[in-house]
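Asks: Structure below; questions to follow.
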Amino acid sequence: MARVEEFHEINGDVQRLHGPVVCGYRSFVVDGRVIVQLDTYGSSERKIPNKVSQSIQLDVKGARELIGILIEVFPELGP
């Protein structure tokens, strides 16, 4: 599990589309801070299907930054 504090654009040569999985989300409050947690679940081909594979957490600062990235990459999302 990781709580994302910053985003950095990276360049890479590999451009491979991964297989589809389910992503669950939930929110909770810790020390007055709202946190959203995204959990991805392993594909049905994995040894333990439906087990949480990765988790990331964002607070409001990280969520704002991610929204900005998403609008930059997908301009049709903007106003």
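Asks: Roughly how big is the chain's charge dipole about its Cα centre, with Cβ charges of +1 (Lys, Arg) and -1 (Asp, Glu), in debye to the nearest 20? The partial results should precede the final answer.
Replies: Numbers: 9 positive and 11 negative charges, 94 e Å.
With only Lys, Arg, Asp and Glu charged at Cβ, the dipole is about 460 debye.
Asks: May I ask for the net charge around D39, where only other residues with Cβ less than 14 Å from the Cβ of D39 are counted and Lys, Arg are +1 while Asp, Glu are -1?
Replies: +3
Asks: Moving on to the next point. Report the accessible area of F74, computed with a 1.4 Å probe over the heavy atoms of all protein chains in place, in Å² rounded to the nearest 10.
Replies: Around 100 Å² of this residue is reachable by solvent.
Asks: Highest mean first, how do 3-15, 51-63 rank when packing is the count of other Cβ atoms within 10 Å averaged over residues?
Replies: Ranked from most to least packed, the peptides come out as 51-63, 3-15.
Asks: What percent does the relative contact order of the chain come to when contacts are Cα pairs within less than 8 Å and at least six residues apart?
Replies: 29 percent
Asks: What does the net charge come to around V4 if you take all other residues with beta carbon closer than 10 Å to its beta carbon, with K and R at +1 and D and E at -1? It would help to have the intermediate numbers written out before the result.
Replies: On the way: positive: R3, K61; negative: E5, E6, D59, E65.
Once all neighbours under 10 Å are counted, the net charge is -2.
Asks: Carbon and sulfur together cover what percent of the accessible area of the range 1-70 at a 1.4 Å probe radius?
Replies: 56 percent
Asks: At a probe radius of 1.4 Å, what is the per-residue accessible area of E45, in Å² to the nearest 10?
Replies: Solvent-accessible area, nearest 10 Å²: 150 Å².
Asks: Under a crude label model (7 Å from the Cα following the beta-carbon direction), how far is H8 from D59 in nanometres?
Replies: 2.1 nm
Asks: What full-extension length gain, to one decimal in nm, is calculated for Q37 and V73 as 0.36 nm per residue of separation minus the Cα-Cα distance?
Replies: 10.8 nm
Asks: Could you state the accessible area per residue of the chain in Å², with a 1.4 Å probe and every protein chain left in place?
Replies: 88 Å²
The values are calculated or read from the model by the stated rules, or taken from the named source; none is laboratory data. Everything numeric in this text was worked out from a predicted model, so none of it was measured. Cβ atoms come from the backbone with ideal geometry, glycine included; neighbour counts cover every protein chain shown. To get the accessible areas, we keep the full protein, side chains included, count just its heavy atoms, and leave off ligands, DNA and RNA. Shrake-Rupley method; radii C 1.70, N 1.55, O 1.52, S 1.80 Å.
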